[in-house]
Amino acid sequence: MKKVIDVETWKRKAHFQFFKNFEEPFYGMCVNVDVTHAYQYCKSAGHSFFLYHLYQSIRAVNQTPALRLRIEEDGSVVQYDIVHPSTTIIRPDDTFNFAYFTYEASFEEFSEKAQKVIAQVQASSGLDFSKEAPNTIHYSSIPWIPFTSLSHARHFEHKGSIPKITFGKIFEQGPQLLMPTSIHVHHALVDGIDIGRHLDWFQDYLNEQ
């Protein structure tokens, strides 16, 4: 479900109109997220850390209204009630495909369904865009590189507005385990304060078990 935003009465009307026609309206930033507690929890509980931090991230996304905003093809702005993760999955031959998961009320249910999707993706070939939809977040994972900055390939004729979140290689800093996390968003819809709130939610969820 989604609702249409009345841009004329929207508090961000001026910001939306200013940024919407930029040649590159996306901006991004990279932060190191503390995953010490979450990693140890997954190791002791036998959970997939990848699925766990992905779930807590999309959970935090759904807690952040601005990250559920999208610009429709006709230029209107809508806000989805719930968004779901679309992520890259590596295959045995070192190529990747896209996996489309559904956001669930619990991590256990999410993980169970996601593992089935991953098995199907790893047995596939080529690239599958058949389930691509605007009510998603584009995720990717680069677990080989503790990156400090990141950019994305962009087709500028395609006026997409879906946020992109990328996770990097975990590294040690004193007693902490830190994970590089990149987030790129459309500035006509999302401001820095929204990213800050999302990251606060994400960190809280990683720490809660």
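The values are calculated or read from the model by the stated rules, or taken from the named source; none is laboratory data. Just so it is clear, the structure is predicted and the values come from calculations on it, not from any experiment. Note that each Cβ is placed from the backbone with ideal geometry, even for glycine, and that neighbours are counted across all protein chains shown. Just the protein is used for accessible areas: all its heavy atoms, side chains included, with ligands, DNA and RNA removed. Shrake-Rupley method; radii C 1.70, N 1.55, O 1.52, S 1.80 Å.
Once phi is turned into θ = phi - 60°, what whole-Hz ³J(HN,Hα) does the Karplus curve with 6.51, -1.76 and 1.60 give for every residue of the stretch 194-199, x standing for Gly and Pro?
With coefficients 6.51, -1.76 and 1.60, one gets 5, 5, x, 5, 4, 5 Hz.
Tally the DSSP beta bridges in the chain and give the antiparallel ones as a percent, rounded to 5.
75
For each pair in K113/K169; K2/K131; K43/K113; K3/K131; K2/K159, compute the distance between the two Cα atoms and list the pairs where it is over 23 Å.
Those over the limit are K113/K169.
Could you order the peptides 75-84, 121-130 from most to least packed, using the average number of other C-beta atoms within 10 Å per residue?
Result, highest mean Cβ count within 10 Å first: 75-84, 121-130.
Longest exposed-loop-site-free stretch of the chain, with GluC sites (Glu not before Pro), DSSP loop and at most 13 other Cβ within 10 Å?
Details: sites that count: E23, E72, E73, E132, E157, E208.
My reading of the result: 74-131 is the longest stretch.
Among (i) 19.4; (ii) 17.2; (iii) 17.9, find the value of Kirkwood radius over Cα pairs in Å that was calculated from the structure presented, and write down its label.
Of the listed options (i) 19.4; (ii) 17.2; (iii) 17.9, (iii) comes from this structure.
With θ set to phi - 60° and the Karplus curve 6.51 cos²θ - 1.76 cosθ + 1.60, what are the ³J(HN,Hα) couplings of the stretch 94-104 in order, to the nearest whole Hz, using x for Gly and Pro?
Going residue by residue, I get 6, 8, 10, 9, 8, 10, 10, 9, 9, 6, 10 Hz, with x marking Gly and Pro.
Report relative contact order for the stretch 114-182 in percent, whole number only (criteria: Cα-Cα under 8 Å, sequence separation at least 6).
Values: 67 pairs, mean separation 21.4, N = 69.
About 31 percent, as a whole number.
At 1.306 mPa s and 10 °C, plugging the Kirkwood radius over alpha-carbon pairs of the stretch 160-199 into Stokes-Einstein gives what diffusion coefficient in µm²/s?
The calculation lands on 135 µm²/s.
With n ≥ 4 as the cut-off for DSSP H runs, can you work out [θ] at 222 nm for the chain, using -39500 (n - 2.57) per run divided by the number of residues, rounded to the nearest 500?
It comes out at -9500 deg cm²/dmol, rounded to the nearest 500.
Above 12 Å lies some portion of the pair distances; for the stretch 1-59, what is it as a whole percent of all C-alpha pairs?
Of the Cα pairs, 78 percent sit more than 12 Å apart.
Leaving out ligands, DNA and RNA, and with a 1.4 Å probe, what % of the accessible surface on the chain is carbon or sulfur?
Roughly 54 percent of what the probe reaches on the chain is carbon or sulfur.
Compute the signed sum of charges (Lys and Arg +1, Asp and Glu -1) over the other residues within less than 14 Å, Cβ to Cβ, of Q203.
For residues surrounding Q203, the net value is -2.
Under the definition of Cα pairs under 8 Å and six or more residues apart, what whole-number percent is the relative contact order of the chain?
The normalised contact order for the chain reaches 31 percent.
Per residue, how large is the accessible surface of the stretch 86-152? Use a 1.4 angstrom probe and give square angstrom.
Per-residue accessible area for the stretch 86-152 comes out at 59 Å².
Need one word for the stretch 85-209: rounded, prolate or oblate. Basis is the Cα gyration tensor (sqrt eigenvalues a ≥ b ≥ c); a/c below 1.5 gives rounded, then a/b vs b/c decides.
Judged from the Cα gyration tensor, the stretch 85-209 comes out rounded (a/c under 1.5).
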